[in-house]
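Encoded as structure tokens, the structure appears first; notes follow it.
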Amino acid sequence: MKEYTFEQRERIIQRKRKKKLKRIRKIFFMIITFALLIGIAYEVFKNIGTGFSIQDFKQPISNVKRYDNSSHIENTRYLVEDTNLTDWRLILVNRWNSIPDDYEVELTQLSNGQSVDSRIYSELQEMFDAARADNIYPIVASGYRTAEKQTSLMEEKIADLKASGYSDADAKEEAETWVAITGTSEHQLGIAVDINGDGIHSVSKKVYKWLAENSYKYGFILRYPGDKTDITGVSNEPWHYRYVGTDAAKEIYENGLCLEEYLEELQ
């Protein structure tokens, strides 16, 4: 048996240690890479499309509280008392018009877990298919919301504003320009959706541009344009789209109206 000097044995030991460390690093990076790929694949399959597995169920909206915001909002001319509620597509819900207490919505669940009113599902799918044909890949980031979810979003927004230095009163007032008060959110109707890019094939900015130019063809309108905040009571939301039907959407789009203005012209 060959004998080694002390220095030779040390070098052999060091080489073995280095090889072992290389193997460990290689295995470690393989595990990390595999985990990342699994995560990416999950997000892709979760978010792409509006959904192909359909699940219908009835979800009544109850305990809707009416909110009087006239104390600090002067423009109450859009408090529409006699809106044609027989046409569900044109129901007006904003900070001056709350959801009727007896309103019910039948939902269709999308593949990413979001839900929408079953009556708008086919038009929404058609719009998304048209977008994909133009190499634009949207996702429904938020659809129907329960009253509990809407309340939670408002509380989170107020907390964020207070953390950034707003007083309690200012945080509440500012939050209400970004998040609808429970009972006054179109998301509780099921016919409004927040649409973003999938983050892989399309960035949200491109999706917003495509929607602004094409959504009316499928009965959807940009609900909160930046130049209509004084009327809608909501700050610019380029992601928020509301279904009103193709006829109303076309007229609103061509005349640069918001829903409040359109309904006022109908009266």
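The values are calculated or read from the model by the stated rules, or taken from the named source; none is laboratory data. As the structure is a prediction and not an experimental result, all values here were calculated from the model. No Cβ is skipped: glycine too gets one built from the backbone with ideal geometry, and neighbour counts run over all protein chains shown.
Tabulated values for the structure
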quantity: Test result for residue 166, outside any helix (DSSP H, G or I) and aromatic (Phe, Trp, Tyr); calculated: yes
quantity: For residue 135: the one exception among (1) surrounded by 13 or more Cβ atoms within 10 Å (Cβ to Cβ); (2) of a type outside the set (Ser, Thr, Tyr); (3) at pLDDT 95 or above; calculated: (1)
quantity: Condition met for residue 161 (touching a residue at least 40 places away in the same chain (Cβ under 8 Å) and touching a helix residue (DSSP H, G or I) at 6+ places or on another chain (Cβ under 9 Å)); calculated: no
quantity: Residue within the stretch 122-141 that is of a type in the set (S, T, N, Q) and without any contact (Cβ under 8 Å) to a residue 40 or more places away in the chain present; calculated: yes
quantity: Residue pairs meeting the criteria (Cβ under 8 Å; at least 6 apart or on separate chains; first farther than 14 Å from residue 243 by Cβ and without any contact (Cβ under 8 Å) to a residue 12 or more places away in the chain, in the stretch 199-221; second assigned to a strand (DSSP E or B) and not polar (S, T, N, Q)); calculated: 203/197; 205/197
quantity: Selected residue [in the same structural domain as residue 261 (by TED's automatic domain parsing) and surrounded by fewer than 23 Cβ atoms within 10 Å (Cβ to Cβ)] from 153, 222; calculated: 153
quantity: Out of 113, 143, sole residue that is surrounded by fewer than 16 Cβ atoms within 10 Å (Cβ to Cβ), farther than 18 Å from residue 95 by Cα and under 14 Å from the mean Cα position of the chain (by Cα); calculated: 113
quantity: Residue that is nearest to residue 90 (Cα to Cα), among those in the stretch 203-251 that are modelled with pLDDT of 95 or more and part of a loop (DSSP other than H, G, I, E, B); calculated: 244
quantity: Within the stretch 186-219, tally of residues that are surrounded by fewer than 21 Cβ atoms within 10 Å (Cβ to Cβ) and among the small types (Gly, Ala, Ser); calculated: 4
quantity: Lone qualifier among 237, 254 - being free of Cβ contacts under 8 Å to residues at least 60 places away in the same chain, in the same structural domain as residue 91 (by TED's automatic domain parsing), in contact with a strand residue (DSSP E or B) (Cβ under 6 Å, 6 or more places away or on another chain) and surrounded by fewer than 19 Cβ atoms within 10 Å (Cβ to Cβ); calculated: 237
quantity: Among residues of the stretch 88-110, those that are surrounded by fewer than 17 Cβ atoms within 10 Å (Cβ to Cβ) and either touching an Asp or Glu at 6+ places or on another chain (Cβ under 8 Å) or without any contact (Cβ under 8 Å) to a residue 40 or more places away in the chain (or both), counted; calculated: 4
quantity: Among (1) touching a strand residue (DSSP E or B) at 6+ places or on another chain (Cβ under 7 Å); (2) under 26 Å from residue 101 (Cβ atoms); (3) not in a helix (DSSP H, G or I), the one test that residue 141 misses; calculated: (2)
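Yes/no per residue for (1) without any contact (Cβ under 8 Å) to a residue 60 or more places away in the chain; (2) under 15 Å from the mean Cα position of the chain (by Cα):
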residue	(1), (2)
168	yes, no
176	no, no
188	no, yes
224	yes, yes
